[in-house]
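Heads up, the thing below is written out as C-alpha cells.
The values are calculated or read from the model by the stated rules, or taken from the named source; none is laboratory data. For clarity, every value in this text was computed on a predicted model and none was experimentally measured. So basically every Cβ, Gly included, is an ideal-geometry build from the backbone, and we count neighbours across all protein chains shown. What goes into the accessible areas is simple: the full protein's heavy atoms, side chains included, and nothing from ligands, DNA or RNA. Shrake-Rupley method; radii C 1.70, N 1.55, O 1.52, S 1.80 Å.
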Amino acid sequence: MADYHFVYKDVEGATTQWDDIQRKLGNLPEKPEPFKPPPFAPRVDADEQPKSKEWLDARDPDELEELEDDLDDDRFLEQYRRMRLAELKEAAKTARFGTVQPITGSDFVREVSQAPPDVWVVVFLYKDAIPECGLLETCLEELATKYAETKFVKIISTDCIPNYPDRNVPTILVYNNSAVKGTYVGLQKFGGKKCTPESQACL
C-alpha cells in the first residue's frame, strides 16, 4: 500500500499556540514580520497634472479648446479657458481696424452712422487730384496702425457730400454714436505741409 502524506501550510505569518509558548521561553526565534507589499503609487502622467496659470497663459485658443475636450471635469481649466477666450476676443475687438478703409456714399450709413457706440470713426474726405490729400492720408495711415481701436475711413468728398467744394478738401469728420464730434477743414489745422501724425493725434 502506497505511503500517502501531505504537508499542511498555514497562512503566511500564522503560528500555533505551541510556537508562541516556545518563543516566550526563548526556544524559537522571533516571528518574522509578515510581508507587506509597498503601497500602490499610480504612474504620474504629466498631461494630467494641474496646470499653472503661467502654463495656461502660453496656450492659444485652439490648444485651450483641446484641453477642455480632454479634461471636461477640470472646473478650473474650464473657468480659466472661458476667461482667456474672453480676453482674446476683447483684444481682437479693440484691434479690429488698423488701416484707412475706403468707402463709397452707399457705405456711409453702415460704416459710419451705424458704427457701435463704443467705436470712434475718423472720416477722411479727399480728392485724388489735390496734393494735400495725399500728405494727410499718409499721416492717417500711420495713425490707423497706432490706434487700431479707432475706425478710419476715406471717401471721395463729393461722394459723401454732393457739390462739396474742393477748396475745403481735405476734410476730417470725427463721428461717435451716430453724431459728428469734430470737423477739421483743410490742411492748416494739422500744420500745413509740415503735417505729422502727432499733430493730427492731438485733435
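Taking the criterion of being under 18 Å from Thr171 (Cβ atoms) and hydroxyl-bearing (Ser, Thr, Tyr), the residues of the range 107-157 that qualify are Ser113, Tyr126, Thr138, Thr150, Ser157. Restricting attention to the range 108-140, the residues that are more than 19 Å from Cys160 (Cβ to Cβ) and not β-branched (Val, Ile, Thr) total 6.
Looking at the range 152-170, can you tell me whether even one residue there is modelled with pLDDT of 90 or more, surrounded by 12 or more Cβ atoms within 10 Å (Cβ to Cβ) and closer than 30 Å to Asp60 by Cβ? Yes, the conditions are met somewhere in the range 152-170. For beta carbons closer than 8 Å, sequence separation of 6+ or different chains, a first residue in the range 110-132 that is within 14 Å of Ile155 (Cα to Cα) and a second that is surrounded by 14 or more Cβ atoms within 10 Å (Cβ to Cβ) and of a type in the set (Lys, Arg), the qualifying pairs are Glu111/Lys151; Val121/Lys151; Val122/Lys151; Val123/Lys154; Phe124/Lys154; Leu125/Lys154; Tyr126/Lys154.
Only one entry of Gln200, Gln188 meets the criterion of being surrounded by 14 or more Cβ atoms within 10 Å (Cβ to Cβ), at pLDDT below 90 and over 30 Å from the mean Cα position of the chain (by Cα), and that entry is Gln200. Answer yes if at least one residue in the range 117-126 is at pLDDT below 85, open to solvent by 60 Å² or more (accessible area, probe 1.4 Å) and of a type in the set (Asp, Glu), and no otherwise. No, every residue in the range 117-126 fails to be at pLDDT below 85, open to solvent by 60 Å² or more (accessible area, probe 1.4 Å) and of a type in the set (Asp, Glu). Of the residues screened, Glu111 is one that is open to solvent by less than 60 Å² (accessible area, probe 1.4 Å), in a helix (DSSP H, G or I), at pLDDT 90 or above and out of contact with any Gly (no Cβ under 6 Å at 6 or more places or on another chain).
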